[in-house]
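Have a look at the structure that comes next, please.
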């Protein structure tokens, strides 16, 4: 008998965010508990430690898809915060404009830009 198989969270498509809060997100008639990366390749689970210390490595998947992304929105939780300078520089060097804001603002902006079929991605830190 095989036990429960744990797989890395991934939705293979672009989807707007229907709701956020309670530590997660709802999208594409599904829910996900934890942080999300919304990329051209799909919606992925994202493990973020300290949002104040997001390093370029935390955006490796974003950088791998840089050719398909013009703007990255980063939802930093409930409080607006800046990304570290090193991280902003790495994203800018890859040709990606980045805007850090609250998670709520990032979700709303992401949905609008996605509906406009823009080359947008989002890193969203879950809020309670």
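None of the figures in this text is laboratory data; all of them are computed from the coordinates on show. Because the structure is a prediction, the values reported are computed rather than measured. Because the Cβ atoms are built from the backbone with ideal geometry, glycine has one as well, and the counts that use them run over all protein chains shown.
So the label point goes 7 Å from the Cα of residue 68 along Cα→C-beta, right? Which residues of the stretch 98-127 then have their backbone N under 14 Å from it?
Residues 118-122 qualify, since their backbone N sits under 14 Å from the label point.
Over all directions, what mean area does the Cα convex hull of the chain project, stated in square nanometres?
8.2
When the Debye formula is applied to the Cα atoms of the stretch 22-75, each taken as the same point scatterer, what base-10 log of I(q)/I(0) results at q = 0.16, 0.20 Å⁻¹?
Scattering profile of the stretch 22-75, log10 relative to I(0): -0.52, -0.80.
With a 10 Å Cβ neighbour count serving as the proxy for reagent exposure, in which order, fewest first, do 65, 93 appear?
93, 65
Between the alpha-carbon centers of the stretch 32-102 and the stretch 111-128, tell me the distance in whole angstrom.
Taking the Cα centre of the stretch 111-128 as reference, the centre of the stretch 32-102 is 11 Å away.
Give, in nm to one decimal, the length gained when the segment between residue 50 and residue 116 is fully stretched (0.36 nm per residue of separation minus the Cα-Cα distance).
20.6 nm
How high is the relative contact order of the chain, in percent, counting Cα pairs under 8 Å that sit 6 or more residues apart?
Value for the chain: 30 percent.
What is the projected area of the convex hull of the Cα atoms of the stretch 51-126, averaged over all directions, in nm²?
4.4
Here's a follow-up. As a footprinting exposure proxy, order 120, 112, 48 by other Cβ within 10 Å, with the fewest listed first.
By the 10 Å Cβ count, ascending, the order reads 112, 48, 120.
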